[in-house]
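Student: There's a structure below that I have some questions on.
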Amino acid sequence: MNTTRTPLSGRNGILTLIASNWVFVLVLVAVLALLGLLSYPFVKQDYRPGELPSVLIGKPWPDMALPQLGSKAADGEPIGPAQLRGKARLVNVWASWCPVCADEQPALIELGKTLRAQGRADQLISINYKDKTSDATAWLRRHGNPFATTLVDADGRMGIELGVYGAPETFLIDAQGIIVWKHAGEITPDRIASEILPRLGAKP
């Protein structure tokens with residue numbers, strides 16, 4: 001009669017099997033919990049693709065003045081938060097090296113036309129991000145310039161203050177200069193009509 005015992009036979013073997021299964025279950029639960037925490041911002045009811053959670057929401061626009069590129073302002077002086085207060089404004093971050101920015105520009109051109117028709121042209125401005133002046137100027141000439149002014153962030157310092165991941169990104173600040181909205185990626189006509197124009201106090 002064969003009395004050879006397998007590794008899992010007997011009382012000790014059964015306890016070993018139960019213990020190993022519990023370890024597996026605990027590891028699985030921990031992994032699922034971690035995935036749940038990481039995915040929480042993306043499954044919230046009010047989440048919209050492109051809208052990034054940002055610690056800057058509810059905070060003042062960074063206290064940094066930037067020079068202007070092709071400014072329509074009379075003096076062309078650097079613009080900081082003091083000059084931006086008084087009206088809600090959309091600030092679009094773009095670059096000539098950014099292919100998505102070119103795809104987005106037609107929607108911003110139409111937004112600019114809508115705002116100009118309502119006397120709100122100065123509510124749309126932009127920041128040219130980590131770019132060469134000559135390239136940025138040529139890009140606006142080629143793709144059109146809907147912005148009341150374009151600020152220059154050549155070294156990316158403002159981008160660091162704003163937590164910019166890349167271009168395009170878009171921010172909306174209220175009349176008190178508080179950041180109230182941030183979007184990463186291309187701005188679409190639907191988003192302009194449903195989310196941006198109402199925040200600017202403009203009509204479609």
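For (1) outside any strand (DSSP E or B); (2) open to solvent by 40 Å² or more (accessible area, probe 1.4 Å), each residue gets a yes or a no:
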residue	(1), (2)
MET158	yes, no
GLU161	yes, yes
VAL164	yes, no
HIS183	no, no
ILE192	yes, no
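Student: Moving to a separate point now. Any residue in the range 128-149 that is surrounded by fewer than 20 Cβ atoms within 10 Å (Cβ to Cβ), among the polar types (S, T, N, Q), over 24 Å from ALA65 (Cα atoms) and at pLDDT 95 or above?
Tutor: no
Student: Condition (residue is touching a strand residue (DSSP E or B) at 6+ places or on another chain (Cβ under 9 Å) and open to solvent by 20 Å² or more (accessible area, probe 1.4 Å)) applied to the range 105-115: is it met by at least one residue?
Tutor: no
Student: When both residues are 6+ apart or on different chains and their Cβ atoms are under 8 Å apart, which pairs have a first residue that lies in the range 170-186 and is within 15 Å of GLY58 (Cβ to Cβ), and a second that is surrounded by fewer than 20 Cβ atoms within 10 Å (Cβ to Cβ) and aromatic (Phe, Trp, Tyr)?
Tutor: As it stands, the answer is PHE171/TRP181; LEU172/TRP181, since those pairs meet every condition given.
The values are calculated or read from the model by the stated rules, or taken from the named source; none is laboratory data. This one's a predicted model, so the numbers in the text were calculated from it and none came from an experiment. Every residue, glycine as well, gets a Cβ built from its backbone with ideal geometry; the counts of neighbours run over all protein chains shown. Keep in mind that these areas ignore ligands, DNA and RNA; they rest on the heavy atoms of the full protein, side chains included. Shrake-Rupley method; radii C 1.70, N 1.55, O 1.52, S 1.80 Å.
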